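These notes concern the structure reproduced below.
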Amino acid sequence: MAIATTNPATGEVVKTFEALTDAELEDRLERSHQAFLTYRHTSFTDRAGWMRAVADLLDAEAQPIAELMTLEMGKTIKAAKAEVGKCAAGCRYYAEHAERMMAGHDVDAGAVKAERAYVRWEPIGPVLAVMPWNFPLWQAFRFAAPALMAGNVGLLKHASNVPQTALLMEELFRRAGFPDDVFQTLLIGSGSVERVLRDRRVAAATLTGSGPAGQSVAAIAGDEIKPTVLELGGSDPFVVMPSADLERAAQVAATARCQNNGQSCIAAKRFIVHTDVAERFEQLFADALRALVLGDPTDDATDVGPLATESGRDDVEELVQDAIDKGATVVVGGERPDRPGWYYPPTLLTGVTKDMRMFYEEVFGPVAQLHVVPDLDAALEIANDTEFGLGSNAWTDDPAEQERFARELQAGMVFINGMTASYPELPFGGIKTSGYGRELAELGMHEFCSAKTVWVGAGQAPSTAHVE
Ligand code: NAP
């Protein structure tokens, strides 16, 4: 894929970039290694000061940064501004909490025959982040803020269609005062990821993106015995039970499906509704989808802009056509509008069956499928009948049902009476083919740290029971 900014609202190629040469890449890797050797010894106070300065820059320059994201991948301007604000908040969160998260802990010294024993968290080195275009700033910041606060240094290989946002990130960290090369953007194609990951100076990798990209990176990292975090695709269920507030559930359902023009890994994609409320919910949901304004993403009134790439739009269209050909019913949308750019409208389908591709495949666009079920067991069966396990949503006011959904939904995250979202305070990640490891919260911070065991004794040998 060419490294270029192409406006999804018009199809116009705005700016193209050359990938780094081999020599330039080698130079970047060495600089990253050298930066780590000194940066790892900086204080939490210094790191927090720089991180807060990044947050201040994001706040001060929110409008042009948001406009750049909208230009590169078609996100609506209001969503883009919200994303910039979320990144600033994430930076401040880790600036405030990193020292506590990295503090380590003492272990009962007597139990291990020591004078003192403790675990200390340490950074591990340059971490490669292979990132997607859909939340071009937030995806990269939710890696970078905890990683840098822990004392690691970052190497960002961003998606090839958001090069300017990627370069802007490097610039922000530099302007905020972080030492040179602590955060670098590598303008490289996906074909160069292997070289970076196999380099002995690179300690670990995190990838957010599609399953095939995750498989490739995990295989190489496994071969090199390097830790990875994978955040891959999702096809989140959104279950609605009779006790739910249907009006609110339908409004949230429309947002959950169409946020980011339908291109979110944690977008609710499969709507599973109890038969007693199915007719009413379908009507409310359809109305909420019809009310969304499709149009120019730079316009503040727009709710749904174009899809980020032409091939992404074509994939969505194919999945919808496949379902229609096999007998699904279109309740809303279902037809590409006749206008330039890669638009696809909010769409609702009923009668989706297992032989249709979208039953099992992720639809990365504003297309919802609605299933009607007789009871909670049947809802769980459809919800869990997927290779994915990222987020999940259940709407019910019955505490016993809430408990069952929390226990039995096979997903990394369960949101009851709401929609899946990411917060710096909550671990984020999936199970099954949605990936492994966690981002955010303390768990996310520790993914790229070493838990070093320190035992301080008085020179005695352990008993044979404790050797090895
Ligand atoms: P993608 O094609 O996998 O691209 C993601 C990143 O991986 C890009 O930087 C891409 O580089 C790189 N890449 C692609 N193939 C690679 C390979 N074989 N080896 C190494 N790197 C490779 O995914 P996408 O289409 O941009 O994003 C959509 C997918 O991401 C969806 O499945 C979505 O659900 C998932 N996603 C998951 C999360 C989560 O947190 N779980 C969040 C957002 C998105 P190039 O751009 O240069 O190809």
Relative packing of peptides 280-292, 323-335 - highest average C-beta neighbours within 10 Å first: 280-292, 323-335
So with the 1.4 Å probe, I'd like the accessible area per residue for segment 236-416, rounded to whole Å². 39
Student exercise, segment 70-162 dipole from Lys, Arg, Asp, Glu Cβ charges, in Debye to nearest 20: 380
Once the piece of chain linking ARG40 and GLU96 is laid out straight, how much longer is it, given 0.36 nm per residue of separation minus the C-alpha distance between them? 18.4 nm
Roughly how far apart, in whole Å, are the Cα centres of segment 333-403 and segment 41-118? 33
Placing +1 on the Cβ of each Lys and Arg and -1 on the Cβ of each Asp and Glu in the chain, which of SER190, SER32, HIS158 has its Cα farthest towards the positive end of the resulting dipole? SER32
Of the DSSP beta bridges with both residues in segment 236-416, give the percent that are antiparallel, rounding to the nearest 5. 15
Which of the listed residues, ALA406, LEU167, ALA213, is farthest toward the dipole's positive end in the chain, when Lys, Arg count +1 and Asp, Glu count -1 at the beta-carbon? LEU167
Of the beta bridges DSSP finds with both residues in segment 97-231, what % are antiparallel, to the nearest 5? 15
Take each of the peptides 358-367, 436-445, average the number of other beta-carbon atoms within 10 Å over its residues, and list them starting from the highest. 358-367, 436-445
How would you order 119-128, 210-219 from highest to lowest mean count of nearby Cβ atoms within 10 Å? 119-128, 210-219
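Can you compute the helix-only [θ] at 222 nm over the chain? Use -39500 (n - 2.57) per DSSP H run of at least 4 residues, normalise by all residues, nearest 500 deg cm²/dmol.
-13000 deg cm²/dmol
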Dipole in debye (nearest 20) - segment 130-286, about Cα centre, beta carbon charges: Lys, Arg +1; Asp, Glu -1: 320
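Please tell me the relative contact order of segment 236-416 in percent, rounded to the nearest whole number, where contacts are Cα pairs under 8 Å and at least six residues apart.
29
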Tell me the relative contact order for the chain as a rounded percent, counting alpha carbon contacts under 8 Å between residues six or more apart. 19
If every Lys and Arg gets +1 and every Asp and Glu gets -1 at its Cβ, then about the Cα centre segment 236-416 yields a dipole, in debye to the nearest 20, of 100
Expressed as a whole percentage, what fraction of the accessible surface of the chain belongs to carbon and sulfur atoms when a 1.4 Å probe is rolled over the protein heavy atoms? 51
Among DSSP bridges having both ends in the chain, what percentage is antiparallel? Round to the nearest 5. 35
Along the charge dipole of segment 220-307, Cβ charges K/R +1 and D/E -1, which of ALA253, HIS274, VAL293 sits furthest on the positive end? HIS274
Stretch ALA291-GLU425 to full length: gain in nm at 0.36 nm per residue minus the Cα-Cα span? 45.0 nm
Give the Rg (one decimal place) followed by the Dmax (whole number) of segment 236-416, computed from C-alpha coordinates and expressed in Å. 15.5, 50
Hits among lysines - C-alpha to C-alpha of LYS226 under 21 Å, sequence gap 8 or more where chains match: LYS157, LYS432, LYS452
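The values are calculated or read from the model by the stated rules, or taken from the named source; none is laboratory data. Since we're looking at a predicted model, the values are computed, not measured. In this analysis, Cβ positions are derived from the backbone assuming ideal geometry, glycine residues included, and neighbour counts consider all displayed protein chains. Accessible surface is based on the protein model in full, side chains and every heavy atom, while ligands, DNA and RNA are left aside. Shrake-Rupley method; radii C 1.70, N 1.55, O 1.52, S 1.80 Å.
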